[in-house]
Amino acid sequence: MIIVTASDNNFVPGLFLFIFSAWIHNREAKFVVIDAGIEPATVIELRRFCERKGIDCQIVQADAERISDLPTRGKLLTTAAYARILIPEILPDCDKAIYMDADTLVVSDLGGLWSADLGDNLVAGVIDGFVEQEELDEIEMSRNEYINSGVLTMNLVAWRREGIANRIFAKVRETAKSRYLDQTALNTVVRGRVLFLGREWNFFSERYVEIEWRLPRVIHYAGSAKPWRYRRVPFADVFNFYRTMSGLDIPEGTLILKSARRRKMILGLIGLRRKYWSSALATHYYRSRFTKPHLRDLGRMFSKVPLPPQHSTAAP
């Protein structure tokens with residue numbers, strides 16, 4: 001099993017925890033980290049961490065000439081987002097690879113993801129479901145065929161044979177005003193050749209109330225509320241438990257999200273508004289069916305690590 005991720009300095013805390021969590025559940029996996037702007041001292045620290053744990057991890061430099069001139073969107077969509085497109089070139093002898101964003105957390109074995117029968121499809125991925133209609137209209141795609149690029153199983157043979165990377169980069173330059181840049185360009189190029197996967201393989205933490213109830217296998221902390229920056233974001237308890245287990249000096253989130261959301265939740269529950277009761281039920285479901293059992297199981301694996309306190313918030 002080959003698992004690839006890419007990062008710059010903006011995602012370093014997530015990067016370390018991603019590798020650790022994926023390794024915990026997939027001990028035989030080989031990891032490749034594409035360095036798209038990580039500080040040299042951090043690269044050394046990552047290598048030492050992997051050596052201490054016995055993690056098979058290779059760190060490779062992204063080809064800056066291929067991606068440095070491509071459009072970006074602040075700290076959340078930097079040139080590091082384009083590094084995944086280079087995987088078929090970085091791994092010329094591999095037929096298939098799993099790609100995951102550095103802000104994902106693996107909470108299960110990835111055998112089902114790795115064994116996905118791609119056939120002649122270019123990728124396997126999960127429908128995004130939350131892209132703005134304007135973005136979809138621009139590329140004439142329906143909501144039920146546009147995938148999120150944060151978790152992919154990639155058919156590297158077909159990518160190389162058909163020059164998919166160059167086609168995606170060309171499309172990015174054509175649609176430089178699109179909000180999601182590389183993701184939208186990728187969707188445009190691979191359209192019609194996608195194996196659709198269940199939500200559990202790319203579970204959006206912030207959208208847990210809105211998506212169908214599935215026990216996550218991969219938690220994706222997409223968006224701006226990263227658990228290494230903010231307290232009490234959805235599924236932060238899970239992230240923090242892995243952080244504690246890893247032994248790494250990764251900061252716990254200290255910023256607090258605006259309290260207006262919590263006040264609205266309380267008032268909505270008192271007013272018996274369906275929207276807020278649906279949220280409360282989803283919170284209870286994931287806390288009882290996933291968060292608590294998962295942390296309990298991890299506690300058995302690492303008996304010396306105490307369970308973190310369960311915060312009474314609107315997030316599991």
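The values are calculated or read from the model by the stated rules, or taken from the named source; none is laboratory data. No experiment lies behind these values; they were computed from the predicted model shown. Here Cβ is always computed from backbone atoms with ideal geometry, including for glycine, and neighbour counts include all displayed protein chains. Each accessible area value is taken on the protein alone, full model and side chains, heavy atoms only, with ligands, DNA and RNA left out. Shrake-Rupley method; radii C 1.70, N 1.55, O 1.52, S 1.80 Å.
Once the Cβ-Cβ distance between THR254 and GLU162 is put in as r, and R0 is 45 Å, what FRET efficiency do you end up with, to the nearest 0.05? Kindly include the intermediate steps, with their values, before the conclusion.
On the way: r = 46 Å, r/R0 = 1.03.
Computed FRET efficiency for THR254 and GLU162: 0.45.
With a cap of 12 neighbouring Cβ atoms within 10 Å, and only residues DSSP puts in a loop, list the chymotrypsin sites (Phe, Trp or Tyr not before Pro) found in region 45-105. Don't skip to the end; give the middle numbers.
Working: sites: PHE49, TYR82, TYR99; in loops: none.
Passing both the DSSP loop test and the Cβ count: no residue.
Sorted by average packing, counted as other Cβ atoms within 10 angstrom per residue and highest first, what order do 28-35, 51-58 take?
Details: 28-35: 18.8, 51-58: 13.6.
Order by mean packing, descending: 28-35, 51-58.
What's the ranking of 243-251, 13-21 by average number of surrounding C-beta atoms within 10 Å, highest first? Show your work: numbers first, answer last.
On the way: 243-251: 16.3, 13-21: 24.2.
Taking the mean over residues of other Cβ atoms within 10 Å, the ranking is 13-21, 243-251.
Send over a whole-number figure in Å² for the accessible area per residue of region 127-200, probe 1.4 Å. Walk me through the numbers before you get to the answer.
Working: 3260 Å² over 74 residues.
Result: 44 Å² per residue.
Could you work out [θ]222 nm for the chain from helices alone, using -39500 (n - 2.57) per DSSP H run of at least four and dividing by all its residues? Round to the nearest 500 deg cm²/dmol.
One gets -10500 deg cm²/dmol as the mean residue ellipticity at 222 nm.
What does the extension gain come out to for GLU145 and ASP95, with contour length at 0.36 nm per residue minus their alpha carbon separation?
Details: separation 50, 0.36 × 50 = 18.00 nm, distance 2.44 nm.
Roughly 15.6 nm would be gained on extension.
Using DSSP to define loop residues, name the trypsin sites (Lys or Arg not before Pro) in region 127-163 whose beta-carbon has at most 14 other beta-carbon atoms within 10 Å.
Values: sites: ARG143, ARG160, ARG161; in loops: ARG143.
Those that pass, being in a loop and sparsely packed, are ARG143.
Could you calculate the FRET efficiency of ASP109 with VAL60 from 1/(1 + (r/R0)^6), where r is the beta carbon distance between them and R0 is 30 Å, rounded to 0.05?
Working: r = 25 Å, r/R0 = 0.83.
Rounded to the nearest 0.05, the efficiency is 0.75.
For ARG231 and ARG52, what is the calculated FRET efficiency with R₀ set at 41 Å and r taken between the beta-carbons, to the nearest 0.05?
Given R0 = 41 Å and the Cβ-Cβ separation, E is 0.90.
Once the piece of chain linking VAL43 and PHE302 is laid out straight, how much longer is it, given 0.36 nm per residue of separation minus the C-alpha distance between them? If you can, show how the numbers build up before the last one.
Values: separation 259, 0.36 × 259 = 93.24 nm, distance 2.67 nm.
Taking VAL43 through PHE302 to full extension adds about 90.6 nm, to one decimal.
Applying a 10 Å radius around every beta-carbon, put 213-221, 287-295 in order of their mean neighbour count, most first.
Details: 213-221: 21.2, 287-295: 16.3.
So the order, starting with the most tightly packed, is 213-221, 287-295.
Of all accessible surface on region 68-197 at a 1.4 Å probe, what whole percent is carbon and sulfur?
On the way: 2520 of 5280 Å².
That share works out to 48 percent.
Among all lysine pairs in the chain that are eight or more places apart or on different chains, how many have alpha carbons less than 21 angstrom apart?
Step by step, the pairs that qualify in the chain add up to 11.
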